[in-house]
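Shown next, in structure tokens, is the structure this report addresses.
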Amino acid sequence: MVEFTLWDVLRNLLLAGRWTVALSAIAFLGGGLVGLALLTARAARLPGAARGVGVYVQLFQGTPLLMQLFLAYFGLALFGVEVSPWTAAALAMTLYASAYLCEIWRGCVEAIPRGQWEASASLALTFREQLRHVIGPQALRIAIAPTVGFAVQLIKSTSLASVIGFIELTKAGTMITNATFRPFTVYACVALMYFALCFPVSLWSRRLERSLRRA
Amino acid sequence: MIQLNFPAVLAEWPLLLRGAAMTVVLTAVSATIGTALGTACAWVRVWGPAWLKAIVAAYVELIRNTPFIVQLFFIFFGLPSAGVRLSPELASVIAMVVNLGAYAAEIVRAGIEATPRGQIEAAQSLALTPLQVFTRVVLPPAFKRVWPSLTGQVIIVMFGSAVCGQIATAELSYSANLIQSRNFRAFEAFIVATALYFVLAVVVRHVLQRLGARWLFGSR
């Protein structure tokens, strides 16, 4: 009979925690890029973009992430693509993040007074120059705090990928529980690790928010 | 060529209906108790004694910075080794209440803190007890202010309840899993379940808005 010390549990959880961080990072970066593309399509007034992006955001915000993960997992397989839980999770989380980030940033762009658009247009700036030099920098300033806040939500959401078999912190917790029969300790450790990941980010986002309100 | 077979899934409609009903019941029960818990916590964070404030602050931070699924697993798998054995349904409700309570505490607190000082002072000068001031003067407009956020949070908790199927609570996602294990139509089963969640969310939002307008803000 193998004995597991608390250190064994923690060490294995820490190793699995790298995958939680990796999945969060991929979803955040990928989601940011897709979200930015969607936002630009909207701001450029491409025909049908506002409506299309609106529906896209509604679909992802109006359904459980767990269902989106299942659909990515079984949906890709339907197309004959060999899917690992890793690909399915990365895809679903990226799309999920893109919808939220696009919506957050849309609010920030809309918070910029109309006059800024009009003034920059009257200076004969192109759409790209307007975004780059006038709207972008101002929107970015107010976007940072809610974006960091969303990062916390995203890190927590990656725990759902354990359900489709992606081995990250939560899944590792389940597997270690099955080996050690100490669910109380193991899940407490898992929770503390998520806390250690998320709490600093939460604090950071709150500080950004405060400094923005003061400014 | 991809062939979708929705009739095979829709033929299991009693299962889907039962699952959706369970999701609604879980949501309704935990929304009610969770909001009450959140309101109590909000009161503590504004007017409570310092030691209780610290406990509530720790509770709120702990819940808001850990995933729901870990909270659920801790309650369902972890607590039995501490001598608390729970049915899947009860564990699900407790997890949802504890989760919503923390978020609702922050939401309701924001509403309470927006109360103008003069209103509280006016109520006090009318010799209302502190409890009366809180329940009659502070709370109703506070709820009115934060009702949309509270509604949104209830829907987030409902989406979170999809995870409860993992501990064999027979809710909507559990039904979908059961159906796909019977007829191997996984994609179709989850499409249907996802659509049902979407509809449920729209209905819940609508109902809560109506309830809020009727009982909270007068039926105008």
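Each residue in the stretch A:28-62 was checked for being within 14 Å of chain B (Cβ to nearest Cβ) and in a helix (DSSP H, G or I), and 7 of them qualify. As for the stretch A:177-193, it holds at least one residue that is touching a helix residue (DSSP H, G or I) at 6+ places or on another chain (Cβ under 6 Å), of a type in the set (Ser, Thr, Tyr) and either surrounded by 13 or more Cβ atoms within 10 Å (Cβ to Cβ) or closer than 27 Å to A:Val53 by Cβ (or both).
Helices (runs of 4 or more DSSP H) wholly in the stretch A:63-125 with at least 2 residues that are touching a residue at least 40 places away in the same chain (Cβ under 8 Å) and farther than 27 Å from B:Val154 by Cα - which ones? Walk me through it before giving the result.
Numbers: elements: A:65-78, A:85-110, A:114-122.
So the answer is A:85-110.
Against the numbered list (1) facing chain B (nearest Cβ under 10 Å); (2) touching a Cys at 6+ places or on another chain (Cβ under 6 Å); (3) surrounded by fewer than 21 Cβ atoms within 10 Å (Cβ to Cβ), A:Ile155 comes up short only at (3). Within the stretch B:180-220, restricting attention to residues that are outside any helix (DSSP H, G or I) and over 23 Å from the mean Cα position of the chain (by Cα), the residue that is modelled with the lowest pLDDT is B:Arg220. For the residues A:Leu125, A:Leu76, A:Leu91, the requirement of being within 12 Å of another protein chain (Cβ to nearest Cβ), among the aliphatic types (A, V, I, L, M) and either farther than 20 Å from A:Leu208 by Cβ or out of contact with any Pro (no Cβ under 9 Å at 6 or more places or on another chain) (or both) singles out A:Leu76. Candidates are the residues of the stretch B:44-73 that are surrounded by fewer than 21 Cβ atoms within 10 Å (Cβ to Cβ), among the aromatic types (Phe, Trp, Tyr) and at pLDDT 95 or above; the one that is nearest to the chain's Cα centre (by Cα) is B:Tyr59.
Okay, residues lined up against (1) closer than 19 Å to A:Trp19 by Cα; (2) touching a Phe, Trp or Tyr at 6+ places or on another chain (Cβ under 8 Å):
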| site | (1), (2) |
| --- | --- |
| A:Ala124 | no, no |
| A:His133 | no, no |
| A:Thr147 | no, yes |
| A:Val152 | yes, no |
| A:Thr158 | yes, no |
| A:Glu168 | yes, yes |
| A:Gly173 | yes, yes |
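Of B:Arg185, B:Arg214, B:Arg205, all but one fail to be more than 28 Å from B:Ile63 (Cα to Cα), touching a residue at least 40 places away in the same chain (Cβ under 8 Å) and among the charged types (D, E, K, R); the exception is B:Arg185.
The values are calculated or read from the model by the stated rules, or taken from the named source; none is laboratory data. Predicted model, so just to flag it, every value in this text is computed and none were measured. Heads up, the Cβs are rebuilt from the backbone with ideal geometry, glycines too, and the neighbour counts pull from every protein chain shown.
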